[in-house]
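The values are calculated or read from the model by the stated rules, or taken from the named source; none is laboratory data. Not measured: the values here are computed from a predicted model. Every residue, glycine as well, gets a Cβ built from its backbone with ideal geometry; the counts of neighbours run over all protein chains shown.
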Amino acid sequence: MLEFRKDIFADERDDNLKEVGQPTQRQDMLGHVTGTSPYYDDHRFANLLHLKILRSPYAHARIRSIDDAAAARAPGVKRIIRAADVPVNLNTLLSLIQFGKDDEPSLASDVVRYKGEPILGVVATSERAALEALALVRVSYEQLPAVFDVEEALKPGAVSVNAVYPKNTFEYYGKYDHQKLRFGDVEAAFKQADAVLEDRYQMSPIEHAPAETNGSIAVPDTNGRVSVYTSTQALFFSLDTSAKINALPSNQLHFIGGTVGGGFGGKVDTMTEPLVILAARLTGAPVRYRFSRHEEMQFGSPRGAERIYIKDGVMKDGRIVARQVRAYFDSGAYTRLSSYAVVKCVAHIPGPYTIPNVHADVFCVFTNRTPATAMRGFGVTALDFALECQMDKDAVAIGMDPLEFRILNAYRDGDMKAHRRQAKNCALIECAQVVAEKASWPLRDEFRRMSSRQGGGEHRTGAAAERTRAPAPAVPAATPRPAPASPQRVSYERPAAAASPSAPPPTQAPAGSTHGAPRFSSVFGTRRR
Amino acid sequence: MAKHRGRGVATINYPIGMNLGGDPSQALVHSNPTGKFTVTLSSIDLGQGMKSVTRQICAETLGVPVDDVYVDTADSDTGPHCMGSFASRGTHRVGNAVMAAAREARAVMMEAAAEELEVDPGDLETDGRGNIQVKGAPHRSISVRDVAIAAQFRQGKTISGRGIFLVPLSDVDPETGEMSPATCYAHACLVAEVEVDDETGEVAVLKMTSAYEIGRAINPKLVEQQLVGGSWMGMSHALYETPEPYYPNTRDGPRDFNEYLMPGPGDICPHDIIVLERPAPDGPFGAKGPGEMCANPVLPAVANAIYNAVGVRIDELPITPEKVLRALKARGGAPGSGRAR
């Protein structure tokens, strides 16, 4: 069922290798097949305490008061954890790479912005004792109107979800409510197109559904450090996030991961570690915090919903001459990682095709639902669904075979992409050809002969790119460019101000450049191709 | 009332590593005194095979058998920084870091061997079976074990290496979106064949045929595991899964696996997969990474196949029986017979 076509691209490969390319059995296979590989929750500790979280029953509400006196006196309860106990309560995950503003509390204190938002923690001698104590907490809420639709959230007068981003959109470059892509002139191209098709696509949220729910165990050691056994997908990401929220030097934490019972992007958010570390430090005892299946399904972050509008201009000969995309990422109540996915989505437009005129606006929108996060294909999966359904409709509209239509428009080595980098190392056409052969999908000879390595070049888009090249900065060349008002991704744990002020302005790379050509970036002084 | 067959296609590409770069990973490689190597990482093996891929890359680079390499992961006290296991970055980013560390360790190993054999290190080669020999004169050889013992106890050399791989962070132009998102891309094409029941609205995926271009398959079994598992996830995304079945309305959210629908073993279909390898110039041995992308082409290919079968376009995921039936009703029913493709 799996076969290799070693004949294709053989001239670009050295296949004279000994270990690479072998179907070597994994070194942890025995543990996996005998059920003895250790997961975080297989570590056993005497006197383990359990953390459970009180969650908001409302999608949007003001907290008037919290009465936890009865819970604190309940049997087995060792400690109540309130928002005021969290050293740095407000955080955003990508603050580690200087992207975005702190917008999400570990524990809500004044307003809850989604159903399931954490409000208070109970640390007790058993999960049952913790849950029974939670049932004794009395919270007085004032319900607020909520917004659940991304386009409703952008209308004037819409409910404001997140106080840090009152207009319900993530802020890009300190001035835009979305990420733009501008290449060529779509309006002019639509006028010339033989057919213009426009449609709307919607992906609902999707749950990662790991066999092992999110969780971690924190164990204080005798010298003041805390060891953390965790299911995280990103050890230092979770460690540094936990250090920030707990106001601890990072070397006071020892993170131990290992076998993960399914990640798929759902174990990057560091949802349990910061509070379980706090609980362990406050009680001096080992504490476990693991999501129930219900928590994982509804309150652990899902793949976010996306709404995508696509408008294509197509010629009768099969060429796509324009593609316009408007997309909305439903980030839920807080940013987490959706702001990043928006930029990745824009980078992916218009898909693996060479189109001379491309225009996109993609928004990261806040609504009163569970915050979304990364999942396999982050920023791309829903877009690929929309693009490839649209490709099918385009082909039908002009009476062309849908696979030949894709091969005709496929990007090739040397083509200019909409984000203004030259395509290289392409292989879409070859994938289509071998599938057609295997699935007996008829292709005409000329499409069977096409190649990713031939026929590409800037002549397919060059003129269009030139028309919309960003205007030269008005400031004199010697003046350093001002730093953006709101720092975008700069570098790991380093303020934006550290960016080199003497970086030269971007220059167009010489024609025919290959990988490793002259480069530029504000941080590293080099530009990648 | 009838069942209608149809097939649909999708072609996609996928960027390798975090968008814009700026996502480093480090690796350490060292030999114990008897010539067995340990790769030390903070990276996480999610079951995708990070340990196996880095182990094979390390063995190939050192020129030793894979059995002589052990990969230790996921400890922040011993493993140097890694950005994390996401964004299809493991094979490419961590693989490159391990390769760099293994190269450095190999250089020391060859120097130590040269001192033992009293030749120039440049005249030596590894045989991949645990020996180092003079090029063209294989009888003049020494085992890696003896080299390690000599390095540790006689020469005072540490056979070890450090590696980091970083794709420098790219700027983004706020006005035009000009940026360098990724250094390499994997590719795929997938044809899905479905059967649509126009009475129940149910869609069965009967067969998939796909091709994936992934640079270099470091371990073909692990590639197969990813591609087969990913296509199942794609089918599940296309037809079954969501915690908000009436999005953006939040009602009727599932709380457990009884309420969260996913296909079972009986819904899995035959899948012919073809792997192509066009090496990435900056990949370890040309490898890119098949991780995330393999779910993506399935969703649109299934949607397009449903159109081919019954003539309705379902543009909202997941494509539930309810949505298919409503669309068929709006269309005035399915065509008389499934159109051949």
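Would you list the strands (runs of 3 or more DSSP E) that sit entirely within the stretch B:158-265 and hold 2 or more residues that are assigned by TED's automatic domain parsing to the domain that holds residue B:54 and in contact (Cβ under 8 Å) with a residue 24 or more places away in the chain?
Hits in the stretch B:158-265: B:160-165.
Just for the stretch B:11-26: of the residues that are more than 30 Å from residue B:143 (Cα to Cα) and outside any loop (DSSP other than H, G, I, E, B), which one is farthest from the other protein chains (Cβ to nearest Cβ)?
B:25
Go through (1) within 29 Å of residue A:440 (Cα to Cα); (2) in contact with a Lys or Arg (Cβ under 8 Å, 6 or more places away or on another chain) and name the single condition residue B:335 misses.
Only one criterion is unmet by residue B:335, namely (2).
Just need a number here: residues in the stretch A:55-107 that are among the aliphatic types (A, V, I, L, M) and under 29 Å from residue A:179 (Cβ atoms).
Counting residues in the stretch A:55-107 that are among the aliphatic types (A, V, I, L, M) and under 29 Å from residue A:179 (Cβ atoms) gives 7.
Of all residues in the stretch A:155-170, how many are over 15 Å from residue A:60 (Cα atoms), part of a loop (DSSP other than H, G, I, E, B) and β-branched (Val, Ile, Thr)?
Keep residues of the stretch A:155-170 that are over 15 Å from residue A:60 (Cα atoms), which gives A:155-157, A:164-165, A:167, A:169-170.
Next, from what is left, pick out any that are part of a loop (DSSP other than H, G, I, E, B): A:155-157, A:164, A:167, A:170.
Keeping just the survivors that are β-branched (Val, Ile, Thr) gives A:164.
Number of matching residues: 1.
So is residue B:202 at negative phi and either among the hydrophobic types (A, V, I, L, M, F, W, C) or surrounded by fewer than 16 Cβ atoms within 10 Å (Cβ to Cβ) (or both) or not?
Values: at negative phi: yes; either among the hydrophobic types (A, V, I, L, M, F, W, C) or surrounded by fewer than 16 Cβ atoms within 10 Å (Cβ to Cβ) (or both): yes.
Here the answer is yes, as residue B:202 does meet what is asked.
Being in contact with a Cys (Cβ under 9 Å, 6 or more places away or on another chain), under 17 Å from residue B:238 (Cβ atoms) and in the same structural domain as residue B:203 (by TED's automatic domain parsing), is that true of even one residue in the stretch B:285-297?
Yes.
Output the number of the condition that residue B:299 fails; it satisfies all remaining conditions of (1) at the interface with chain A (Cβ under 7 Å from one of its Cβ atoms); (2) within 24 Å of residue A:436 (Cβ to Cβ); (3) surrounded by fewer than 24 Cβ atoms within 10 Å (Cβ to Cβ).
So the condition that residue B:299 fails would be (3).
Among the residues of the stretch A:424-442, are any among the hydroxyl-bearing types (Ser, Thr, Tyr) and buried (at least 24 other Cβ atoms within 10 Å of the Cβ)? So that I can check it myself, show each step before the final result.
Residues of the stretch A:424-442 that are among the hydroxyl-bearing types (Ser, Thr, Tyr), as a first pass: A:440.
Then keep just the ones that are buried (at least 24 other Cβ atoms within 10 Å of the Cβ); that gives none.
The answer is no; no qualifying residue exists.
Give me a count of the residues in the stretch B:75-94 that are small (Gly, Ala, Ser) and touching a Phe, Trp or Tyr at 6+ places or on another chain (Cβ under 8 Å).
4
Can you name the number of the only condition in (1) in contact with a helix residue (DSSP H, G or I) (Cβ under 6 Å, 6 or more places away or on another chain); (2) assigned to a loop (DSSP other than H, G, I, E, B) that residue B:96 fails?
(2)
Going through A:215, A:116 one at a time, which residue ends up being over 24 Å from residue A:386 (Cβ atoms), within 14 Å of another protein chain (Cβ to nearest Cβ) and under 22 Å from the mean Cα position of the chain (by Cα)?
Testing whether each residue is over 24 Å from residue A:386 (Cβ atoms), within 14 Å of another protein chain (Cβ to nearest Cβ) and under 22 Å from the mean Cα position of the chain (by Cα) leaves just A:116.
Test residue B:39 against the criterion of being without any contact (Cβ under 8 Å) to a residue 40 or more places away in the chain, in a strand (DSSP E or B) and within 12 Å of residue B:95 (Cβ to Cβ), and give yes or no.
Judged against the criteria, residue B:39 is not a match.
Report, ordered by the first and then the second residue, all pairs with beta carbons closer than 8 Å, sequence separation of six or more or different chains, a first member in the stretch A:438-459 that is at pLDDT below 95, and a second member that is surrounded by fewer than 16 Cβ atoms within 10 Å (Cβ to Cβ).
Correct list of pairs: A:458/A:511.
Would you be able to say whether some residue in the stretch B:329-339 is at pLDDT below 95, within 11 Å of another protein chain (Cβ to nearest Cβ) and not in a helix (DSSP H, G or I)?
no
Tell me, yes or no, whether the stretch B:166-175 has at least one residue that is in contact with a Ser or Thr (Cβ under 9 Å, 6 or more places away or on another chain), farther than 27 Å from residue A:349 by Cα and of a type in the set (Ser, Thr, Tyr).
Scanning the stretch B:166-175 turns up no residue that is in contact with a Ser or Thr (Cβ under 9 Å, 6 or more places away or on another chain), farther than 27 Å from residue A:349 by Cα and of a type in the set (Ser, Thr, Tyr).
Which strands (runs of 3 or more DSSP E) does the stretch B:102-155 wholly contain that include 1 or more residues that are assigned by TED's automatic domain parsing to the domain that holds residue B:37, over 37 Å from the mean Cα position of the chain (by Cα) and more than 20 Å from residue B:65 (Cα to Cα)?
B:137-143
Residues are listed down the side, and each one gets a yes or a no for (1) closer than 17 Å to residue A:283 by Cβ; (2) in contact with a Cys (Cβ under 9 Å, 6 or more places away or on another chain); (3) β-branched (Val, Ile, Thr):
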position: A:41; (1), (2), (3): no, no, no
position: A:49; (1), (2), (3): yes, no, no
position: A:55; (1), (2), (3): no, no, no
position: A:88; (1), (2), (3): no, no, yes
position: A:91; (1), (2), (3): no, no, no
position: A:107; (1), (2), (3): yes, no, no
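Listed residues A:222, A:241, A:232, A:270; which is within 8 Å of another protein chain (Cβ to nearest Cβ) and of a type outside the set (A, V, I, L, M, F, W, C)?
Working: A:222 fails: within 8 Å of another protein chain (Cβ to nearest Cβ); A:241 fails: within 8 Å of another protein chain (Cβ to nearest Cβ); A:270 fails: within 8 Å of another protein chain (Cβ to nearest Cβ).
When all the criteria are applied, what remains is A:232.
Let's see how each residue does on (1) farther than 30 Å from residue A:72 by Cβ; (2) surrounded by 12 or more Cβ atoms within 10 Å (Cβ to Cβ); (3) more than 7 Å from chain B (Cβ to nearest Cβ); (4) touching a Phe, Trp or Tyr at 6+ places or on another chain (Cβ under 6 Å):
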site	(1), (2), (3), (4)
A:2	yes, yes, no, no
A:5	yes, yes, no, no
A:17	yes, yes, no, no
A:21	yes, yes, no, no
A:27	yes, yes, no, no
A:33	yes, no, yes, no
A:41	no, yes, yes, no
A:52	no, yes, yes, no
A:56	no, yes, yes, no
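Where in the stretch A:181-249 are there strands (runs of 3 or more DSSP E), lying wholly inside it, with at least 3 residues that are closer than 20 Å to residue B:75 by Cβ and small (Gly, Ala, Ser)?
Per the criteria, A:215-220.
Would you point out which residue out of A:197, A:181 is more than 21 Å from the chain's Cα centre (by Cα) and surrounded by 16 or more Cβ atoms within 10 Å (Cβ to Cβ)?
A:197
Residue under question is residue B:283, and the condition is that it be modelled with pLDDT of 95 or more, touching a Gly at 6+ places or on another chain (Cβ under 9 Å) and more than 8 Å from chain A (Cβ to nearest Cβ); does it hold?
When the stated conditions are applied, residue B:283 passes them.
Sort out which residues of the stretch A:203-256 are in contact with a Phe, Trp or Tyr (Cβ under 9 Å, 6 or more places away or on another chain) and of a type in the set (Ser, Thr, Tyr), and write them in order of number.
Within the stretch A:203-256, A:204, A:213, A:216, A:227, A:229, A:230, A:231, A:232, A:238, A:242, A:250 qualify.
Kindly indicate whether residue B:29 is crowded, with 24+ Cβ neighbours inside 10 Å, farther than 30 Å from residue B:198 by Cβ, more than 12 Å from chain A (Cβ to nearest Cβ) and under 23 Å from the mean Cα position of the chain (by Cα).
When the stated conditions are applied, residue B:29 passes them.
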